[in-house]
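The values are calculated or read from the model by the stated rules, or taken from the named source; none is laboratory data. Because the structure is a prediction, the values reported are computed rather than measured. Cβ placement follows ideal geometry from the backbone for every residue including glycine, while neighbour counts extend to all protein chains displayed. Accessible surface areas use protein heavy atoms only, side chains included; no ligands, DNA or RNA. Shrake-Rupley method; radii C 1.70, N 1.55, O 1.52, S 1.80 Å.
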Amino acid sequence: MTFDALFVPDELAEATSDRAWLEAMLDFERVLANAESVAGVIPAGAAAAIAEACDPDRFDVHDLARQGRASGNPAEPLVRALRAAVAPEGRDFVHWGATSQDTVDTAAMIVSRRALGLILEDVDRLAASCAALAQAHRDTIMAGRTLLQQAVPTTFGLKAAGWLVAVLQARDGLLRANASLAVQLGGAAGTLASLGERAPEVVEQVAAHLGLGEPPLPWHANRVRVAGLGAALAVAAAVAAKIGTDVALLQQTEVGEVRDPGSGGSSTMPQKQNPVASAVAVACARQVNAHASVLLGSVVGELERPVGAWHAEWSALSSALGLTGGAVAAVARLVEEIQVDAGRMRANLVEETLSERVSLALTARLGREQAHEALADGLRGHLPADELAELLDPAGYLGQAGAFVDRALALYEHRDDE
């Protein structure tokens, strides 16, 4: 049984599939041939023949992967198969001057770009929903909880504003990672000697036609680009999981401050509404964290091409992209549909959450030590009833909650300003 369908949205599963990688590798080979033709490196007729053969329906991706066991990568058998499929006038010019890592690395960038586009769409959905909650519940009073215990009063709007800012920070990281995606073309060991003086022109053309960045030099042995992408994905998935965890805790039977109408039922207990979206987000984030560690680890590699570190990236990258999208999509839906019970939030707020406020008032009169001694027996009996009642009104002890919500909303409104 495959479990991917439980966690990864269909569009993202397609964007990171074996077929997507095959299409991306063929895109590279087609564009490479065209760029080399424009630069006068290979004949125009050869480029046309190669382009005609770069049809993914001609190739069995699973058979190519099996053949790749011998060479340790999928590009080598693909290039052989492509040469066999190309008309004679173009056959000798397939993959001209490139190496397997050029094909696979550039394909990784193409796959990542397409997947990141889908992920960012859901990140934007999530940010919009968090902003709407923050605005609607700017003054909805609830208990702030630290170490799972009630601490001081806060607002649900401030909680949603905290989610919003974290989502915007994760979004910034994904946008930076997306902007860093660049073509890989360095030849056998990163010198691109095989293309001679035309090499810079070919790289420029390949990057432009694929919609990728043109790197200052080949990055065969520099995996910072891939590691940074992994880190950005891990942060985004973790932010989604944080929101999902908060909602699951507030959704507990004994708390009941929010409700997810899209919650899943139990197979045996009809009264249960399980926090499925939260569970999916947390499960995805845990896996993304593991995959990101593989991508970060590949920064340390041997010389101009590492033994195994590069090879470990491919599956980890596909999984990290898909699972990050799964986490964000699940929580975007959750926050869009969440139902807030403001009455329950106020009812759950215990009087002791105002003890800090009462303590400060008593300290001003009695000193800190005596104030703490007086409060050890409870909040009542040490101040006039009317003054104590005022101090115990949580609406008067929200600090800058409203102002902080407004700051978060302003940040959201200006998120793409230069």
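Of note, Ser318 does not satisfy the criterion of being in a helix (DSSP H, G or I), touching a residue at least 12 places away in the same chain (Cβ under 8 Å) and farther than 25 Å from Asn178 by Cβ.
In segment 57-67, the count of residues that are open to solvent by less than 50 Å² (accessible area, probe 1.4 Å) and of a type in the set (S, T, N, Q) is zero. Picking from residues in segment 138-163 that are open to solvent by 10 Å² or more (accessible area, probe 1.4 Å) and of a type in the set (Val, Ile, Thr), the one that is nearest to the chain's Cα centre (by Cα) is Thr146. What about Glu201, is it among the acidic types (Asp, Glu), open to solvent by 80 Å² or more (accessible area, probe 1.4 Å), farther than 30 Å from Gln400 by Cβ and in contact (Cβ under 8 Å) with a residue 24 or more places away in the chain? For Glu201, the condition - among the acidic types (Asp, Glu), open to solvent by 80 Å² or more (accessible area, probe 1.4 Å), farther than 30 Å from Gln400 by Cβ and in contact (Cβ under 8 Å) with a residue 24 or more places away in the chain - is not met. The single residue among Glu313, Glu336 that is under 24 Å from Gly117 (Cα atoms), open to solvent by 50 Å² or more (accessible area, probe 1.4 Å) and in contact with a Ser or Thr (Cβ under 7 Å, 6 or more places away or on another chain) turns out to be Glu336. Number of residues in segment 81-127 that are farther than 17 Å from Pro215 by Cβ and within 20 Å of the chain's Cα centre (by Cα) equals 15. In segment 20-33, the residues that are free of Cβ contacts under 8 Å to residues at least 24 places away in the same chain never reach a residue that is of a type in the set (Gly, Ala, Ser) and surrounded by fewer than 22 Cβ atoms within 10 Å (Cβ to Cβ) with C-beta atoms less than 7 angstrom apart, at least six apart or across chains. Do we find that Glu390 is open to solvent by 70 Å² or more (accessible area, probe 1.4 Å) and closer than 30 Å to Arg113 by Cα in this structure? No; evaluated as a whole, the condition is false for this residue.
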